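What follows is a set of notes on a single structure, which appears directly below.
The values are calculated or read from the model by the stated rules, or taken from the named source; none is laboratory data. Keep in mind that this is a model prediction, so the values were computed, not measured. Counting neighbours? That spans all protein chains shown, and the Cβs are built from the backbone with ideal geometry, glycine included. Ligands, DNA and RNA are stripped out before the accessible areas are found, and what is left, the full protein with its side chains, is counted by its heavy atoms. Shrake-Rupley method; radii C 1.70, N 1.55, O 1.52, S 1.80 Å.
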Amino acid sequence: MREHDLFIRQLRSLVDLQPEDDAALRALPLRSREVDKHRDIFREGDQVRESCIVLSGMVARYKMAGDGRRQ
């Protein structure tokens with residue numbers, strides 16, 4: 001299944017999409033990648049230039065404490 005299809009199907013479970021919404025979503029540039037367990041998608045301080053949509057699995061957000069621990 002194409003990544004656009006999976007994304008649109010998950011979005012449809014939350015909101016009603018019009019045909020023009022579907023077309024606009026399919027026109028978006030999309031790059032898919034797998035991220036291994038316990039790996040950062042983005043790190044604090046990174047200059048982020050793209051959005052991240054989780055299609056499968058689970059993610060968490062954390063801050064680094066001064067002593068190197070995660071909060």
- Selection from segment 46-67 of residues within 16 Å of the chain's Cα centre (by Cα), small (Gly, Ala, Ser) and at pLDDT 85 or above yields Gly57, Ala60
- Note on the structure: Ala23: passes all of (1) open to solvent by less than 90 Å² (accessible area, probe 1.4 Å); (2) out of contact with any strand residue (DSSP E or B) (no Cβ under 8 Å at 6 or more places or on another chain); (3) not in a helix (DSSP H, G or I) but (3)
- Task: Identify the single condition in (1) exposed (fewer than 10 other Cβ atoms within 10 Å of the Cβ); (2) touching a Cys at 6+ places or on another chain (Cβ under 6 Å) that Ser51 does not satisfy, given that it satisfies every other one.
- Result: (2)
- Query: Is one or more of the residues making up segment 7-14 within 23 Å of Gly57 (Cβ to Cβ), open to solvent by 100 Å² or more (accessible area, probe 1.4 Å) and in a loop (DSSP other than H, G, I, E, B)?
  - Reply: yes
- Looking at Arg31, Arg70, Arg43, which is the one that is exposed (fewer than 11 other Cβ atoms within 10 Å of the Cβ), among the basic types (Lys, Arg) and within 14 Å of the chain's Cα centre (by Cα)? Arg31
